[in-house]
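Below is one structure; the comments refer to it alone.
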Amino acid sequence: MRSWVVIALAATVATAGCGGSVLKKQYEYEEELYLSLDGSATLNVNASVPALVVLRGIDLNVSPRSRFDRDRLRSFYQGPGATVTAVSSSRRYGRRFVHVSIDVADVRSLQRLAPFAWSSYRFERDGELYEFKQIVGTPAAGKALEDVGWDGSELLAFRLHVPSKIAYHNTPSHETKRGNILEWEQALTDRLQGMPIDIQVQMETQSILSRTLLLFGSTIVAAFLAFAAVIWWVSRRGRDAEIAESHS
């Protein structure tokens, strides 16, 4: 019994020492897109500085001890139709990671911005559905880097938060994560070689929030009508009883 306790404690310490990576995948580069049915979107980028340098061609010092150049990052992501709302950084695995949030009025305008020019975006109505397509192509010609701690197992992720019921998607896992989230994953080595990522999603034209509010409203109305019917029935029985008593 005591040996099992020791093993369990050792496993817990090992997991904590790895930053919890046993329980959750860690990505070297992530794009997380929150799409609205009117075409506006918020895009969050979480990436290591070395990944940004080699994939997007931005000129940054890859040393984790270097000064965090917030202004350069803001300038890199800011552009026509795009507003940078947050820029921050963190460190893990001996590398600096940056976190940028961008709001756009039209998701299709992202391809006109240098950080996202490797993608083409399409969002339009097709009959009774909205269709979103994104193809991630060849990365920018960034400078070659010396050893930054990569071991070949690094991953990237492109994640989409869909605003309405999903009718079709082509994620490799064929799964929808909690909150209507879809994910396309790729190895960093494949991304460096320019292997494309094809993202396709079809969704209904009514948002999940609208559908929820409509259902909630319908439930309230139904409950009110049921309550009114009970009151009417009780009142009617009372009147019938008074009439019967007056005739007796």
request  = Name the lysines eligible as straight-distance cross-link partners of LYS165: C-alpha to C-alpha under 20 Å, and not fewer than 8 places from it in the same chain.
outcome  = LYS133, LYS177
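For VAL84 and SER66, calculate 0.36 nm times their separation in residues minus their Cα-Cα distance, and state this gained length in nm to one decimal. Provide the component values of the computation, followed by the final result.
On the way: separation 18, 0.36 × 18 = 6.48 nm, distance 2.25 nm.
Extending this stretch completely gives an extra 4.2 nm.
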ask   = Can you sort MET203, MET195 so the residue with the fewest Cβ neighbours within 10 Å comes first?
value = MET195, MET203
task = Excluding residues fewer than 8 places away in the same chain, name every one of the lysines whose C-alpha is closer than 23 Å to that of LYS143.
result = none
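With N set to the residue count of the range 24-208, report its C-alpha Rg divided by 2.2 N^0.38 Å to two decimal places. Could you put the intermediate results ahead of the total?
Values: Rg = 16.4 Å, N = 185, 2.2 N^0.38 = 16.0 Å.
Against the compact-globule rule of thumb, the ratio is 1.02.
Values quoted throughout were computed directly from the atomic coordinates according to the rules given, and no laboratory measurement underlies them. No experiment lies behind these values; they were computed from the predicted model shown. Methodologically, a virtual Cβ is constructed for each residue, glycine included, from the backbone with ideal geometry; neighbour enumeration extends over all protein chains shown.
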